[in-house]
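**Student:** This is the structure, below, for whatever I ask next.
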Amino acid sequence: MSEEVHKPLYARIQEYIADLILSGKLAPEAKIQSEREFSEDLGVSRMTVRRAITDLVNEGLLERRHGSGTYVARPKVTYEGCETVNYVQAMQKRNIATGSQLLEFGEVVTSRRLAGILELEIGAPIYRVVVLRLANRVPVILERGFFPCARWPKLEDWDLEKSSIYDLLTSVYQIQPGRISQTVEAVAASEPITGQLRVEEGFPLLMISRTMLNAELGKPMVFSQDFLRSDYARVHTNVCFDETLSSVETSFAISPVG
């Protein structure tokens, strides 16, 4: 007797619907049949269909919208921890059409907080750069970067829409990055981010705060804060344990976007 016969009926229905989604026959944002319609078409009970759909909702393939029905969820891009330093390369590797818009570029003075992070004198000149990254024409990532002017001479000469911070550092300035420190937080969207990412007030975002150091001098080269739409992105990290757990550092925080 085949393995398929041994599977519970709800599991076979679950695989049937999943195949429709993964094969592209059901596109993202498409509304699927109601439980009653599935029940009648497949000749099974609505309870069986409900369990199959609930499992697919829990897996993230489907999403329920109150008062409207069940829809195919928008696919999320899973970034490996190391890929968050170059989103464009990560998306292109997954055959996602990418685009970028330079929203802000200017010279500002260093605040007390940024001076501490970048190891500068308060009031030292830094570049502030804001870039919007698009995936399949949808704005999904907002990048805010702060670059010490003395360490990034003539930054304005380069195409900041097409280049990632990592590419600029290694290819243009010929600097080998050393340690990269990252923190991931759950934050709620507020202005002006809501308008830039086209989300509502309070929409859940992932904020990745990153400091990138020069390997030779050990000086911070850039501090950035990237805001990722939670409905389009997730971050995956592998943690390697040693006997003392001395190399494992984890931090979680929930805060509003400032």
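The values are calculated or read from the model by the stated rules, or taken from the named source; none is laboratory data. Just so it is clear, the model here is predicted, and its values are computed rather than measured. All Cβ positions, even for glycine, are placed from backbone atoms using ideal geometry, and neighbour counts span all protein chains on display.
**Student:** Regarding Glu185, is this residue modelled with pLDDT of 90 or more, under 17 Å from Gln101 (Cβ atoms) and not aromatic (Phe, Trp, Tyr)?
**Tutor:** Taking the combined requirement at face value, the residue does not satisfy it.
**Student:** Can you confirm whether the range 95-116 contains a residue that is under 19 Å from His236 (Cα atoms) and not in a loop (DSSP other than H, G, I, E, B)?
**Tutor:** Looking for residues that are under 19 Å from His236 (Cα atoms) and not in a loop (DSSP other than H, G, I, E, B), one finds none in the range 95-116, hence no.
**Student:** Looking only at the range 37-63, count every residue that is part of a helix (DSSP H, G or I), within 22 Å of the chain's Cα centre (by Cα) and buried (at least 18 other Cβ atoms within 10 Å of the Cβ) and tell me the total.
**Tutor:** 1
**Student:** Spot the failing condition for Arg133; the list is (1) crowded, with 17+ Cβ neighbours inside 10 Å; (2) within 15 Å of Thr211 (Cα to Cα); (3) basic (Lys, Arg), and only one is missed.
**Tutor:** Tallying (1) crowded, with 17+ Cβ neighbours inside 10 Å; (2) within 15 Å of Thr211 (Cα to Cα); (3) basic (Lys, Arg), Arg133 fails exactly one: (2).
**Student:** To continue, here is another question. Of a type in the set (Lys, Arg) and surrounded by 13 or more Cβ atoms within 10 Å (Cβ to Cβ): is that true of Arg144 in this structure?
**Tutor:** yes
**Student:** Do any residues in the range 57-80 that are acidic (Asp, Glu) have Cβ atoms under 6 Å from those of residues that are at pLDDT below 85 and surrounded by fewer than 15 Cβ atoms within 10 Å (Cβ to Cβ), where the two are at least six apart or on different chains, and which pairs are they?
**Tutor:** If the second residue must be at pLDDT below 85 and surrounded by fewer than 15 Cβ atoms within 10 Å (Cβ to Cβ), the pairs left are Glu80/His236.
**Student:** Could I ask something else about it? Do you know which of the residues in the range 151-177 that are of a type in the set (Lys, Arg) and assigned to a loop (DSSP other than H, G, I, E, B) is nearest to Glu216 (Cα to Cα)?
**Tutor:** Lys154
**Student:** Give the residue, chosen from Ala124, Ala135, Ala90, that is at pLDDT 95 or above and small (Gly, Ala, Ser).
**Tutor:** Ala124
**Student:** Do any residues in the range 169-183 that are basic (Lys, Arg) have Cβ atoms under 9 Å from those of residues that are surrounded by 14 or more Cβ atoms within 10 Å (Cβ to Cβ), where the two are at least six apart or on different chains, and which pairs are they?
**Tutor:** From the range 169-183, the pairs are Arg179/Thr211; Arg179/Met212; Arg179/Leu213.
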